[in-house]
1. Between a residue in the range 13-40 that is of a type in the set (Gly, Ala, Ser) and any residue that is in a helix (DSSP H, G or I) and modelled with pLDDT of 95 or more, which pairs come within a Cβ distance under 6 Å, given they are 6 or more apart or on different chains?
2. With respect to the numbered conditions (1) part of a strand (DSSP E or B); (2) in contact with a His (Cβ under 8 Å, 6 or more places away or on another chain); (3) surrounded by fewer than 15 Cβ atoms within 10 Å (Cβ to Cβ), which one is the sole condition not fulfilled by residue 24?
3. Taking residue 57 as the residue in question, decide whether it is more than 19 Å from residue 189 (Cα to Cα) and over 13 Å from the mean Cα position of the chain (by Cα).
4. Would you mind stating whether residue 137 is touching a residue at least 40 places away in the same chain (Cβ under 8 Å) and open to solvent by 30 Å² or more (accessible area, probe 1.4 Å)?
5. Within the range 79-107, work out how many residues are open to solvent by 20 Å² or more (accessible area, probe 1.4 Å), within 23 Å of residue 154 (Cβ to Cβ) and in a loop (DSSP other than H, G, I, E, B).
6. Restricting the first residue to the range 42-64 and requiring it to be in a helix (DSSP H, G or I), which pairs with a second residue that is surrounded by fewer than 15 Cβ atoms within 10 Å (Cβ to Cβ) meet a Cβ separation below 7 Å and a spacing of at least six or different chains?
7. Looking at (1) surrounded by fewer than 19 Cβ atoms within 10 Å (Cβ to Cβ); (2) touching a Gly at 6+ places or on another chain (Cβ under 9 Å); (3) in a loop (DSSP other than H, G, I, E, B), can you tell me which one residue 157 breaks?
8. Determine which member of the set 110, 163, 69, 124 is closer than 16 Å to residue 198 by Cβ and surrounded by fewer than 13 Cβ atoms within 10 Å (Cβ to Cβ).
Amino acid sequence: MPENPLPAPVTHLLYLHGFRSSPRSAKAVQVEARVRGRHPGVAWWCPQLPPSPRAAMALVLDGIAAWPREGMGVIGSSLGGFYASCVAEATGCRAVLLNPAVHPARDLARHIGEQAAWHAPGERFFFEPRFVDELRVLEPGPPARPANYFAVVAKGDEVLDWREMTGRYPGARIKLLEGGDHALSDFPDHIDDVLGFLGL
């Protein structure tokens with residue numbers, strides 16, 4: 001059977017970084033460069049997310065409130081992949097997940113305390129116990145529209161379990177990498193698939 005034709009290209013693209021990360025992450029920078037270089041008409045937004053999950057989601061949902069739902073897409077890495085799932089479930093948009101966090105409330109409970117920002121080690125923030133509860137409240141449940149999801153998952157991820165990641169998105173398109181790492185150091189090899197899923 002022929003595959004369903006891809007939806008129209010996204011016109012608005014949101015990128016959500018991971019825990020302790022920032023808009024300066026390698027993957028965010030690479031996607032932004034590609035989008036600005038080849039698709040200058042696409043609205044691009046990669047906000048610095050606050051440590052509080054509730055505040056992070058409020059910032060994101062407020063920022064995309066006027067975006068056209070049928071024309072937007074979201075890319076999320078690690079904890080940003082969890083947030084991207086929340087956004088996709090709230091809006092019905094397409095989502096690309098890069099080694100997405102599946103149980104962040106469980107996994108980040110051990111990281112309560114002072115943290116250093118990955119791209120600016122001199123910048124510190126405090127990951128509070130209530131943030132774990134906020135993650136639990138945000139848990140989006142199974143995807144309502146699995147076809148709206150594309151996950152790139154590395155079996156070699158040293159932080160997250162690839163079985164949990166793939167099991168979290170039944171029916172979604174999944175690119176399972178035999179090796180790799182949590183950072184997806186070979187991301188340039190996958191950027192065409194990522195943007196292709198978004199019609200770009």
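1. Note: pairs meeting the criteria are 18/79; 18/80.
2. (1)
3. no
4. Yes.
5. Residues flagged as open to solvent by 20 Å² or more (accessible area, probe 1.4 Å), within 23 Å of residue 154 (Cβ to Cβ) and in a loop (DSSP other than H, G, I, E, B) within the range 79-107 amount to 1.
6. Taking only residues 6 or more apart or on different chains, the pairs are 56/50; 59/50; 61/90.
7. Of the numbered conditions (1) surrounded by fewer than 19 Cβ atoms within 10 Å (Cβ to Cβ); (2) touching a Gly at 6+ places or on another chain (Cβ under 9 Å); (3) in a loop (DSSP other than H, G, I, E, B), the odd one out for residue 157 is (1).
8. Within the list 110, 163, 69, 124, the selection yields 69.
The values are calculated or read from the model by the stated rules, or taken from the named source; none is laboratory data. Note that the structure is predicted; figures quoted are calculated from it, not measured. Cβ: placed from backbone, ideal geometry, glycine included. Neighbour counts: every protein chain shown. Side chains included, ligands, DNA and RNA excluded: accessible areas come from the protein's heavy atoms. Shrake-Rupley method; radii C 1.70, N 1.55, O 1.52, S 1.80 Å.
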